[in-house]
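Data block below; observations after.
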Amino acid sequence: PAYPYYAALPDPFGCVANGAEIPAFAYTLDITVPRFPTYNEEPTCMKHITTGVAIVTGAVWHLEYATDANDHPNDPATLLPYDDCWGHPVSGAMHYHGLSWKCFPNQGSNNLHSPLFGHALDGFGIYGPRSEHGKLVT
C-alpha cells in the first residue's frame, strides 16, 4: 500500500477505493540515456513525461504535469499529494517530482559541489542545489 494519509483521498483514476490502496511496485522502464550528452542549438519539446532517473533508488522524475481519469491536465500534487520524498505512486509506478532533503540528504556542503543524484533523459546529470565550490544555485 501507499501512505496512510492517502486514505482520505480518492484514487484520481478510480481504480481502487481510496488513495492509500494505490499499489507501488517495480516496473520496467525502457529508455536510452546518451553517454555523452550534447547541447541543442534550439530548445526542443519533451517527448516523455519521464524526465530523469535517480541512480540510488531507480525511481524516475516526472514533469510537473498529470492527467486525471478524464485526460484533463492537472497539477500532479492536486491529484495525489507528494510524500516526504516529493514523490507519489500513480498506476503502481512510484516517481519523484523534485529533490527532497529527507530522501537525498547529502546535498553537498559550503565548499563542495552537490553529488550526482541521477541522469536526465538527455544524458546530463541531475545534481543537488550546490554548484562549484558549494555555492547555492538560485
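If each of Asn40 and Ala69 carries a label point 7 Å out from its Cα toward its Cβ, how far apart are those two points in nm?
So the label points at Asn40 and Ala69 sit 3.5 nm apart.
What ranking of Ile126, Ile22, Ile49, Ile55 comes out by heavy-atom accessible area, probe 1.4 Å, highest first?
Correct descending sequence by accessible area is Ile55, Ile49, Ile126, Ile22.
Once phi is turned into θ = phi - 60°, what whole-Hz ³J(HN,Hα) does the Karplus curve with 6.51, -1.76 and 1.60 give for every residue of region 17-23, x standing for Gly and Pro?
Using θ = phi - 60°, the values come out as 5, 7, x, 5, 8, 5, x Hz.
Quick check: at a probe of 1.4 Å, how many percent of the accessible area of the chain sits on carbon and sulfur atoms?
Ligands and nucleic acids excluded, carbon and sulfur give 59 percent.
Please report the antiparallel percentage of DSSP beta bridges with both residues in the chain, rounded to the nearest 5.
Of the beta bridges lying entirely in the chain, close to 90 percent run antiparallel.
How big is the dipole moment of the chain about its Cα centre under a simple scheme where the beta carbon of each Lys and Arg is +1, that of each Asp and Glu is -1, and everything else is neutral? Debye, nearest 20, please.
For this selection, approximately 520 debye.
Hey, if we sort Arg35, Arg130 by accessible area with the 1.4 Å probe, largest down, what's the order?
Arg35, Arg130
Can you give the accessible area of Phe124 in Å² (nearest 10), computed on protein heavy atoms with a 1.4 Å probe?
Only protein atoms counted, so the area is about 50 Å².
Given Cβ point charges of +1 (Lys, Arg) and -1 (Asp, Glu) and nothing else, what value in debye, to the nearest 20, does the dipole of region 70-136 about its Cα centre take?
300 debye
Starting from the 7 Å offset along Cα-to-Cβ, what nm value, one decimal, do you get for the label separation of Val33 and Thr78?
Going from the Val33 label point to the Thr78 one covers 3.1 nm.
If you wrap a convex hull around the alpha carbons of the chain, what volume per residue comes out, as a whole number of Å³?
138 Å³
With each label point set 7 Å from Cα along the Cα-Cβ vector, what nm distance links Tyr5 and Ala26?
Going by the 7 Å Cα→Cβ label model, 3.0 nm.
Residues of the chain: accessible area per residue at 1.4 Å, in Å²?
66 Å²
Calculated from DSSP H runs of 4 or more alone, at -39500 (n - 2.57) each and per residue, what is the 222 nm mean residue ellipticity of the chain, nearest 500?
Estimated from H runs of four or more residues: -500 deg cm²/dmol.
Quick one: length gained pulling Lys135 to Trp101 fully straight, 0.36 nm per residue minus the C-alpha distance?
Full-extension gain reported as 10.6 nm.
Along the charge dipole of the chain, pointing to its positive end and built from +1/-1 on Cβ of Lys, Arg, Asp and Glu, which listed residue (His97, Ala8, Leu80) has its Cα farthest out?
His97
Roughly speaking, what is the centre-to-centre gap between region 48-88 and region 89-138 when only Cα atoms are used, to the nearest Å?
So the two Cα centres are separated by 16 Å.
The values are calculated or read from the model by the stated rules, or taken from the named source; none is laboratory data. All values derive from a computational prediction rather than experimental measurement. Using ideal geometry, Cβ is built from the backbone for each residue, glycine included, and neighbour counts are taken over all protein chains shown. The accessibility values were calculated without ligands, DNA or RNA, using every heavy atom of the protein model including side chains. Shrake-Rupley method; radii C 1.70, N 1.55, O 1.52, S 1.80 Å.
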